[in-house]
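Visitor: Just passing along the structure, written as structure tokens.
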Amino acid sequence: MVRNPRVGVIGATGYAGMELVRLILQHPFMQLSYLAGARGRDETFSELFVHLIHEQGVPVEAFDPNACTAACDLAFVALPSGESGHVAAQLYACGLRVIDLSGDLRLSPEVYQAWYHKNPVDETVQSAAVYGLTEFNGERVATANLVANPGCYATAAILAVRPLCAASFVDASQPLIVDAKSGVTGAGRSAKPHLHFAELSDDFYPYKVGQHQHTPEIEQALDGRFSVLLTTQLLPVRRGIFASVYAQLADVPSTATVYRLYQEMYADAPFVHVLSPPRVPHIKAVAGSNYVHIGFSVNESARVLQVFCAIDNLQKGAAGQAMQNANRMFGFQETAGLTTPSTWM
């Protein structure tokens, strides 16, 4: 085991990349050794990370795979889908351990091309990637050299409903309805008209209706037991995801039965907290943290189980989950560097 791994971030100027830099700098064992932005030019650390000006950073360079490989034991790649996976594959081929935060390595090439409409990575690279939802795949992540970090909506939805794969009381012939809402940082840092303050403020609407690329990722993680109807919406808040899931019931279980199912499933998951009804999750209770809050309600008259899940889209939905995977890969405690609670206010 590498005691103090040297860690690099490619795509450090995006929101997820910036969050990774912050997490690495506060990690008890990891060393920040390499940074590359998306602009293709060298820039100083203090120019780009004003909020971290008190820290000892490293220059942000134009990406060079040889320089990255020489400087790092692990690289996080946080570039846009369609680019990120190809960079991750290049570094993996150089013998570097890699965690890719894009959607490029999560799906088979055929499914990826159908949903992302981009050229997939080579199938041998994609098949080598371990899906990094640590709560269910931690043992494989621990020995992996290439990890596909899950999507933000997918993380919230899968954690909300994965316990139901073992439940006989859910009607699997009916789709799971996933109504998910995200803060605006989930849309990335690039300037886009619909993300301007004047456009986004005081508004609320669905997007990518019937076409969101996290749909097949969720279905795949549920072992194909359920079809998923995913609706994504943009909230006029900075960060956070709230997913409401509706599952049709074949038999109506007691509240105690559902609570016991979720408690047992997440008994060894340090970041997942199952709330006892009637308590429900709040975005503010997890914002800025890697924690997951799950709540539920059994609606007897409608024969529907409602499951609610709140996460931070930049932490558990991206950078925090990537760090959780990195902790597994290097044999550290899963919670190392990730125990900061929600800021709440």
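Visitor: Can you grab the distance from the C-alpha centre of the range 95-142 to the C-alpha centre of the range 284-327, Å, no decimals?
Guide: What the calculation gives is 22 Å, centre to centre.
Visitor: For the range 1-143, list log₁₀ I(q)/I(0) at each q in 0.10, 0.17 Å⁻¹, using the Debye formula over Cα point scatterers of equal strength and ignoring solvent, two decimals each.
Guide: Reported log10 I(q)/I(0), two decimals: -0.34, -0.96.
Visitor: What's the percent breakdown of Cα-Cα distances in the range 59-137 across 10 Å bins, shortest bin first?
Guide: It works out to 19, 51, 26, 5, in whole percents.
Visitor: Give me the one-decimal Kirkwood hydrodynamic radius in Å for the range 100-169, with the sum taken over alpha-carbon pairs. Before the final figure, lay out each step's value.
Guide: Values: mean 1/r = 0.0762 Å⁻¹.
13.1 Å is the Kirkwood radius here.
Visitor: Tell me, in nm to one decimal, what length is gained between H51 and A267 on full extension, where the rule is 0.36 nm per residue of separation less the Cα-Cα distance? Intermediate values should be presented prior to the final figure.
Guide: Working: separation 216, 0.36 × 216 = 77.76 nm, distance 3.61 nm.
Gain in length upon complete extension: 74.1 nm.
Visitor: If you count only protein heavy atoms and use a 1.4 Å probe, how large is the accessible surface of S297, to the nearest 10 Å²?
Guide: 50
Visitor: Picking from G14, G331, G317, which is most flexible by a Gaussian network model of the chain using Cα springs under 10 Å?
Guide: Answer for the Gaussian network model of the chain: G331.
Visitor: Describe numerically, in nm with one decimal, the distance between label points set 7 Å from Cα along Cα→Cβ at V2 and at I177.
Guide: Each label point is offset 7 Å from its Cα along the Cβ direction, giving 4.8 nm.
Visitor: Here is a follow-up. Tell me, what is the per residue accessible area of the chain in Å², probe radius 1.4 Å? Can you show the working numbers first?
Guide: Numbers: 14680 Å² over 345 residues.
Value returned for the chain: 43 Å² of accessible area per residue.
Visitor: Pop out the carbon and sulfur fraction of the accessible area of the chain as a percent, whole number, probe 1.4 Å. Show your work: numbers first, answer last.
Guide: Numbers: 7440 of 14680 Å².
Of all accessible area on the chain, carbon and sulfur atoms account for 51 percent.
Visitor: Among the DSSP beta bridges whose two residues both lie in the chain, what percent are antiparallel, rounded to the nearest 5?
Guide: Values: 26 of 56 bridges.
Antiparallel bridges make up about 45 percent of those DSSP assigns within the chain.
Visitor: Gain in length, V209 to W344, computed as 0.36 nm per residue apart minus the alpha-carbon separation, to one decimal in nm?
Guide: Values: separation 135, 0.36 × 135 = 48.60 nm, distance 3.08 nm.
Fully extending the segment from V209 to W344 adds 45.5 nm.
Visitor: Computed over the Cα atoms of the range 1-60, what is the convex hull's projected area averaged over all directions, in nm²? Walk me through the numbers on the way to the answer.
Guide: Details: hull surface 15.9 nm².
Over all viewing directions, the range 1-60 projects a mean Cα-hull area of 4.0 nm².
Visitor: Using a 1.4 angstrom probe with every protein chain in place, what is the largest-first accessible-area order of D203, D223, D268, D73? Display every interim value, and only then the final one.
Guide: Values: D203 65, D223 115, D268 145, D73 40 Å².
Ranked from most to least accessible, the order is D268, D223, D203, D73.
The values are calculated or read from the model by the stated rules, or taken from the named source; none is laboratory data. Everything numeric here is computed off the predicted structure, so don't read it as measured data. Here Cβ is always computed from backbone atoms with ideal geometry, including for glycine, and neighbour counts include all displayed protein chains. These area figures cover heavy atoms from the full protein model, side chains too; ligands, DNA and RNA do not enter into them. Shrake-Rupley method; radii C 1.70, N 1.55, O 1.52, S 1.80 Å.
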